[in-house]
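First the structure, in the form of structure tokens, and then the observations on it.
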Amino acid sequence: MTTTGTIVNDDRPTWHRKKKQLNRRAILDAALAAFTDTSYSAVTVDDLVGRAKVSRATFYKHFASKVAITRALSDERVSPMVAEAYDRLADLREPTPTQLAEWVDAFLGIIEQNQVIVATLAEVWAVEPEYYAATDLKHEEHIRALGRGIPAFRLAAAASTKNEAVRIRAHLLLRSLENFCTAIVIRGWPIDRHT
């Protein structure tokens with residue numbers, strides 16, 4: 001667009017860009033609905049394109065696989081909340097048992113709020129080896145964040161290959177915490193969260 005010889009930057013989305021965003025959103029919404037209705041393994045790409053009312057070509061323009069969709073759903077909804085939760089935990093420095101209980105309760109709330117996505121991610125982790133690396137990268141980020149306030153995680157974040165055991169323990173701790181909290185919510189284990 002020009003006005004008296006100067007170029008004006010028009011940042012409004014074009015129709016094509018808007019349509020592309022709407023298609024991506026439709027696919028993500030279709031995936032969330034499908035994973036709500038059935039398991040990750042039972043959902044096919046054909047199911048998703050049918051629900052989203054897009055072509056397979058459109059699907060693959062946005063996502064390389066079903067794993068990519070679950071990662072996008074997680075990145076959009078779960079990951080920011082979990083990262084913020086770990087930041088809050090790191091900020092506690094030397095938390096009291098009450099503060100830890102409150103933190104765990106808040107973490108369980110994140111899982112409850114995103115139960116379908118978290119359950120789907122647990123299944124993806126069990127059946128899709130390509131998802132392991134993504135999980136490890138997220139845990140590395142969380143270990144660094146926790147390292148700001150918790151000495152053991154600071155050590156794990158700085159661990160060299162000579163002390164790989166420290167990093168492995170940190171990963172195991174995060175995996176155990178997340179799996180346990182997920183099991184409490186997904187399986188509906190009756191616990192008193194306020195004691």
May I ask you to list pairs of residues, at least six apart or on different chains, whose Cβ atoms are under 8 Å apart, with the first in segment 95-110 being over 27 Å from Asp75 (Cβ atoms) and the second being modelled with pLDDT under 90 and hydroxyl-bearing (Ser, Thr, Tyr)?
Ala101/Thr195
Just wondering, is there one or more residues in segment 45-66 that are modelled with pLDDT under 95 and either of a type in the set (Asp, Glu) or more than 21 Å from Gln21 (Cβ to Cβ) (or both)?
no
Which is assigned to a loop (DSSP other than H, G, I, E, B), open to solvent by 80 Å² or more (accessible area, probe 1.4 Å) and under 25 Å from His142 (Cβ atoms), of Glu94, Glu84, Glu112, Glu102?
Glu94
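So that you can scan it fast, the table gives a plain yes or no per residue for (1) over 15 Å from Val82 (Cα atoms); (2) open to solvent by 30 Å² or more (accessible area, probe 1.4 Å):
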{"site": "Val116", "(1), (2)": "yes, yes"}
{"site": "Ala133", "(1), (2)": "yes, yes"}
{"site": "Leu137", "(1), (2)": "no, yes"}
{"site": "Ala145", "(1), (2)": "no, no"}
{"site": "Ala152", "(1), (2)": "yes, yes"}
{"site": "Ala157", "(1), (2)": "yes, yes"}
{"site": "Pro190", "(1), (2)": "yes, yes"}
For segment 68-114, which positions are within 18 Å of Leu174 (Cα to Cα) and in contact with a Ser or Thr (Cβ under 8 Å, 6 or more places away or on another chain)?
Ala101, Ile111
When segment 118-131 is examined, which residues are found to be β-branched (Val, Ile, Thr) and open to solvent by 30 Å² or more (accessible area, probe 1.4 Å)?
Val127
Single match in Ala26, Ala30 (criterion: under 22 Å from Gln113 (Cα atoms), in contact (Cβ under 8 Å) with a residue 24 or more places away in the chain and out of contact with any Phe, Trp or Tyr (no Cβ under 6 Å at 6 or more places or on another chain)):
Ala26
Residue, surrounded by the most Cβ atoms within 10 Å (Cβ to Cβ), within segment 33-55, restricted to residues that are part of a helix (DSSP H, G or I) and touching a residue at least 60 places away in the same chain (Cβ under 8 Å)
Phe35
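The values are calculated or read from the model by the stated rules, or taken from the named source; none is laboratory data. Quantities reported herein were computed from a predicted structural model and do not represent experimental measurements. Cβ coordinates were reconstructed from backbone atoms using ideal geometry, including for glycine residues, and neighbour counts include every protein chain displayed. These accessible areas exclude ligands, DNA and RNA; they are computed on the full protein's heavy atoms, side chains included. Shrake-Rupley method; radii C 1.70, N 1.55, O 1.52, S 1.80 Å.
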